[in-house]
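K.L.:
Sharing a structure with you now.
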Amino acid sequence: MIFLEQGAFEMSGEPFETRITRVIVSTASKELSSAAHSDVIIVGAGPSGLTAAKYLAEKGLKVYVFERRLTFGGGIGGGGMLFPKIVASKEAEDILKDFNMKYRVVDDLLVVNPAEFMAKLATKAIDAGAKIINGIHVEDIIFRNDPLRITGVAAIWSAIELSSLHVDPLFFYSKAVVDATGHDAYVLKVVERKLPESKIKVPGDKPVYSEVGDKVVVERTGRILPGLYAAGMAVAAFYGLPRMGPIFTGMILSGKKVAETIINDLNKI
Ligand code: 48F
């Protein structure tokens, strides 16, 4: 049996527990401080947000994904009605390969395990250099007038949001903000509510028409206002497009398309 002497983990005269706290607080503070000025903030770590994060980060952009939950994947984990499979059509095959995803082909559909889908989207985004910060709720945007431009977000820890405490947020500047918050279209709704001069209206998505919804969501993906972009179901909510349910072709193609649009726009700045 090995007995650890009292103080075996103590360095510089400090208890181990003190060092745990110091290391967590100092490294997290450094990361948040770095997040205060970035190229792209993606709000939401669902399929569209994570896909966008990978393609943006691998171009060398400084990318942060702010996700209010303590995990990632958004609507992926629930599969279809909790049946642990999701599907995509053949148009998604190249992206699935980019993410090193295993899939089965059944008729004309590609079948993927949701756990693998979530894990690999996140892993590839992180490996490309994107930083995912969990437990952070984006509650507002930063804007400038003349001309109107979105220049970042105001965010707060989700725990604070859930507790309804009146605590002011902190600010995170970015050249581009992506609303990838799914059906909620949370960021777009903030703009609708608080910046009427933007003329933004968010009618919400229409009922299910999978074939159409999965295609048009990609066609309509792009820039909403200078500095503000939408991907995934936020696009459907913004343009009143039909929902498609647990088929994820549109979500990942939309994530890739928003990344390409931002890369193109930032090259012009
Ligand atoms: O809902 P979600 O998966 O968005 P998506 O990428 O994909 C939609 C599909 O999952 C599915 C579908 C199509 O097949 O119908 O629903 O469009 O992921 C959105 C993420 O955003 C987070 C939320 O927790 C989820 O993980 N989110 C939402 N609002 C905020 C947020 C917010 N204000 N701040 C931070 N994260």
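K.L.:
Conditions: (1) surrounded by 20 or more Cβ atoms within 10 Å (Cβ to Cβ); (2) within 13 Å of the ligand (Cβ to nearest atom). G245 meets all but one. Number of the miss?
P.N.:
(1)
K.L.:
Go over the candidates A119, A130 one by one and state the one that is in contact (Cβ under 8 Å) with a residue 60 or more places away in the chain, within 18 Å of the chain's Cα centre (by Cα) and more than 11 Å from the ligand (Cβ to nearest atom).
P.N.:
A130
K.L.:
Looking for whichever is of a type outside the set (A, V, I, L, M) and within 19 Å of A92 (Cβ to Cβ) here; the options are K215, K199. Which one fits?
P.N.:
Result of the check over K215, K199: K215.
K.L.:
Could you check, for the range 132-149, whether at least one of its residues is on the phi > 0 side of the Ramachandran plot, touching a strand residue (DSSP E or B) at 6+ places or on another chain (Cβ under 9 Å), modelled with pLDDT of 95 or more and part of a strand (DSSP E or B)?
P.N.:
no
K.L.:
Let me ask another. Of all residues being over 10 Å from the mean Cα position of the chain (by Cα) and of a type in the set (G, A, S) in the range 58-76, which is farthest from the ligand (Cβ to nearest atom)? Just the residue, please.
P.N.:
So, considering only residues that are over 10 Å from the mean Cα position of the chain (by Cα) and of a type in the set (G, A, S), the one farthest from the ligand (Cβ to nearest atom) is G60.
K.L.:
Can you name the residue in the range 175-214 that is free of Cβ contacts under 8 Å to residues at least 60 places away in the same chain and of a type in the set (K, R) and, of all such residues, is farthest from the ligand (Cβ to nearest atom)?
P.N.:
K199
K.L.:
Residues of the range 53-64 being out of contact with any Lys or Arg (no Cβ under 7 Å at 6 or more places or on another chain) and closer than 12 Å to A231 by Cβ, which ones?
P.N.:
If the condition is that a residue be out of contact with any Lys or Arg (no Cβ under 7 Å at 6 or more places or on another chain) and closer than 12 Å to A231 by Cβ, then A53, L56 are the ones that fit.
K.L.:
Next up: Can you confirm whether Y229 is at negative phi, more than 12 Å from the ligand (Cβ to nearest atom) and crowded, with 24+ Cβ neighbours inside 10 Å?
P.N.:
yes
K.L.:
Mind listing whichever residues of the range 30-57 are surrounded by fewer than 18 Cβ atoms within 10 Å (Cβ to Cβ) and either within 13 Å of the ligand (Cβ to nearest atom) or not in a helix (DSSP H, G or I) (or both)?
P.N.:
A36, H37
K.L.:
Can you pull out every residue in the range 58-90 that is among the aliphatic types (A, V, I, L, M) and either buried (at least 18 other Cβ atoms within 10 Å of the Cβ) or not in a loop (DSSP other than H, G, I, E, B) (or both)?
P.N.:
Listed by number, the residues that qualify are L61, V63, V65, I76, I86, V87, A88.
K.L.:
Using beta carbons and a limit of 9 Å, which pairs, at least six apart or on different chains, have the first residue in the range 73-102 and over 18 Å from A122 (Cα atoms) and the second one modelled with pLDDT under 95 and aromatic (F, W, Y)?
P.N.:
none
K.L.:
Within the range 129-143, identify whether any single residue is surrounded by fewer than 22 Cβ atoms within 10 Å (Cβ to Cβ) and over 24 Å from V63 (Cβ atoms), and answer yes or no.
P.N.:
Checking the range 129-143: not a single residue is surrounded by fewer than 22 Cβ atoms within 10 Å (Cβ to Cβ) and over 24 Å from V63 (Cβ atoms).
The values are calculated or read from the model by the stated rules, or taken from the named source; none is laboratory data. From a predicted model like this one, the values you see are computed outputs, not experimental measurements. Every residue, glycine among them, receives a Cβ derived from its backbone with ideal geometry; neighbour counts consider all protein chains shown.
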